[in-house]
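S.K.: Quick one: this structure, given as structure tokens, is what I'll be asking you about.
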Amino acid sequence: MTLDAILFYVFGSVALLSALVVVAQRNPMYSAFALIVTLASLSAVFGLLGSPFIAVLQVIVYGVGAVKLGGPRVLMNWMIRVLGAISHRTETFVAATFERFVTDVR
Amino acid sequence: VSATQEALLIAVIKVVVLFHLLLGLFSVMTWVERRVLAFMQFRLGPNRTGPLGILQPVADGIKLFFKEEVIPDGAHKWLFVAAPGLAVVTAFLAMAVVPWGGTVTLFGREVSLQLAELDVGVLFVFAVSSLSVYGIVLAGWASNNKFTLMGGLRSAAQMFSYELALGLSWVGLILLAGSFRITDIVAYQAGGIWNWNFIWQAPAFVVYLVAGTAEANRTPFDLPEAETELVAGFHTEYSSMRFALMQMAEYVHMITIAALGANLFFGGWLSPVPFLPDSPAWFVLKLFGGLFFFIWLRGTLPRFRYDQLMDFGWKVLLPVAMLNVMLTAAAVVLFP
């Protein structure tokens, strides 16, 4: 096998496994993290298939989520806020401050 | 050896050289920053270790190596350990596509002073540098500490607001040069200082300067680690070499922003006047100019308040960048 083929299978299986983790995990924080891994390895697969433009767009559009509608980064913030994925001690404190952030960002 | 093996060998050598160059630059920068900042504040700064204190980074490094690594109670072990690694990897990755010079002839071979010449060079930098915020957010979350979490959240919100302006500030250059490749954008500026982009794309340059400072989390945009409110922000709980990794990621990010600025707006390795030859030395000069500018800012400006930061990003920088893109696009169409 060539180097490209080996890398393709590595990134392909990582993408599949982490996609499985996204739906199978109970902790939403892990799901969000696994989703980032999925997107990154998908982008690597696109790059290996010879389309660097789509590979980069994959990261920019989903990873960066500049429009703040989709994007795992937003998802992560939202989960910290809504699902209380963090420890109880800091939860209420952060919830209150994050509300202010959201209004600030808008 | 076959042609592919040779190409692979050259690539590996380039990776090793660039990596160590960046590591060296990082450690020198920690010393330079402390010294320059000290002089700006009428102090001396670290001047005891070696001549002029130049060995201070070595002493710091040795000290950090031998410190105890602390993982706080209730922290998420895996992510706590992974976060600094993620931050460093994304910071270094962006430098891979930034050219340091044209081509040089070494051992009878043409070698380009750039690790990977991607067709989507600028976009690649954009994608990778914006991924770097995950390292910070994860570090903030995994530490199980309210100050780190606040730092992480601030960092995420700040990146949202300034990334857009940063990306838009490059669009004008891309339109002018007609290419995403950084080398093409540099080549477009050939002919002397009056052809450089910082004159013809002055609004974009100002936006890049401000948004780049915010992107590198430098003063006056260092809200994620505001000492007065957040102890040390997202890296409060880190100690020993993990703390050093966090610092490294930050400095490499700053170097990336400065190097990219030198390439995109100051003609990279091109000489400012036609009668002097182009050389990588020009690039290094411009790079250090950019780095000095960052330190200068830190010695001069106080920190923004959070709502001011958001207002400025969305209500000033973004419209200016948009307007610049529109004007440039119109100019490219009307005066080809």
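S.K.: Quick one: Cα centre-to-centre distance for the range B:273-334 and the range B:208-223, in angstrom?
M.R.: Here the two parts' Cα centres lie 10 Å apart.
S.K.: Related question: Net charge near B:A216: determine it from the other residues with C-beta under 15 Å of the C-beta of B:A216, scoring Lys and Arg +1 and Asp and Glu -1.
M.R.: Details: positive: B:R154, B:R218, B:R298, B:R303; negative: B:E33, B:E163, B:E215, B:D222, B:E225, B:E250.
The answer is -2.
S.K.: For the range B:80-179, divide the Cα radius of gyration by the Kirkwood radius and give the resulting Rg/Rh value with two decimals.
M.R.: 1.11
S.K.: Can you pull the Kirkwood radius for the range B:218-336, inverse mean 1/r over Cα pairs, to one decimal in Å?
M.R.: 17.5 Å
S.K.: Output wanted: per-residue J couplings in Hz (rounded whole) for the range B:276-291, from phi through Karplus 6.51 cos²θ - 1.76 cosθ + 1.60, θ = phi - 60°, x for Gly and Pro.
M.R.: 9, x, 5, 7, x, 4, 4, 4, 4, 4, 5, 4, 5, x, x, 5
S.K.: Next question. Once every DSSP H run of n ≥ 4 in chain B is given -39500 (n - 2.57) and the sum is divided by its residues, what mean residue ellipticity at 222 nm do you get, rounded to the nearest 500 deg cm²/dmol?
M.R.: Numbers: 13 runs with 220 residues, N = 336.
Estimated from H runs of four or more residues: -22000 deg cm²/dmol.
S.K.: Please determine, in degrees from 0 to 90 and to the nearest 10, the orientation of helix B:77-95 with respect to the longest principal axis defined by the Cα atoms of chain B, where the helix direction is its Cα long axis.
M.R.: Once rounded, one gets 20 degrees.
S.K.: Ignoring the sites themselves, what is the longest stretch of chain B with no chymotrypsin sites (Phe, Trp or Tyr not before Pro) in a DSSP loop and at most 10 other beta-carbon atoms within 10 Å?
M.R.: Counting only loop sites that pass the neighbour cut-off, the longest clear stretch is B:108-274.
S.K.: Expressed as an acute angle from 0 to 90° and rounded to the nearest 10, what is the orientation of the C-alpha long axis of helix B:3-40 relative to the principal long axis of chain B?
M.R.: Between helix and principal axis, roughly 60 degrees.
S.K.: Identify, among B:N217, B:P277, A:L57, the residue whose Cα sits farthest towards the positive end of the charge dipole of the protein assembly as shown, taking +1 on the Cβ of Lys and Arg and -1 on the Cβ of Asp and Glu, with the dipole about the Cα centre.
M.R.: Farthest towards the positive pole: B:N217.
S.K.: What does the convex hull of the Cα atoms come to per residue for the protein assembly as shown, in Å³?
M.R.: 173 Å³
S.K.: Taking all pairs of different Cα atoms in chain B, averaging 1/r and flipping that mean, what Kirkwood radius in angstroms comes out?
M.R.: Values: mean 1/r = 0.0474 Å⁻¹.
Hydrodynamic radius (Kirkwood, Cα pairs) of chain B is 21.1 Å.
S.K.: Provide the buried accessible surface between chains A and B in square angstrom, both chains summed, 1.4 Å probe, rounded to the nearest 100. Don't jump to the answer; show the numbers that get you there.
M.R.: Values: alone 7640 and 16580 Å², together 21170 Å².
Buried: approximately 3000 Å² between B and A.
S.K.: With θ taken as phi - 60° and the coefficients 6.51, -1.76 and 1.60, list the Karplus ³J(HN,Hα) couplings across the range A:34-45 in order, rounded to whole Hz; mark glycine and proline as x.
M.R.: With the stated coefficients, the range A:34-45 comes to 5, 5, 4, 4, 4, 5, 5, 6, 4, 5, 4, 4 Hz.
S.K.: Sticking with this structure for a sec: Per-residue accessible area for A:T2 at 1.4 Å probe radius, Å² rounded to 10?
M.R.: Counting only protein heavy atoms, A:T2 exposes about 90 Å² to solvent.
S.K.: Now, a different point. Mind counting lysine pairs for me in the protein assembly as shown? Cα separation below 25 Å, and the two need to be 8 or more apart along the chain or on different chains.
M.R.: 7
S.K.: Report, in debye and to the nearest 20, how large the dipole of the protein assembly as shown comes out about its Cα centre when Lys and Arg carry +1 and Asp and Glu carry -1 on their Cβ.
M.R.: Roughly 640 debye for the protein assembly as shown.
S.K.: Using a 10 Å Cβ count of at most 15 others and DSSP loop calls, identify the longest part of chain B lacking such GluC sites (Glu not before Pro).
M.R.: B:118-336
The values are calculated or read from the model by the stated rules, or taken from the named source; none is laboratory data. None of these values were measured; they are calculated from a predicted model. Every residue, glycine as well, gets a Cβ built from its backbone with ideal geometry; the counts of neighbours run over all protein chains shown. Accessible surface is based on the protein model in full, side chains and every heavy atom, while ligands, DNA and RNA are left aside. Shrake-Rupley method; radii C 1.70, N 1.55, O 1.52, S 1.80 Å.
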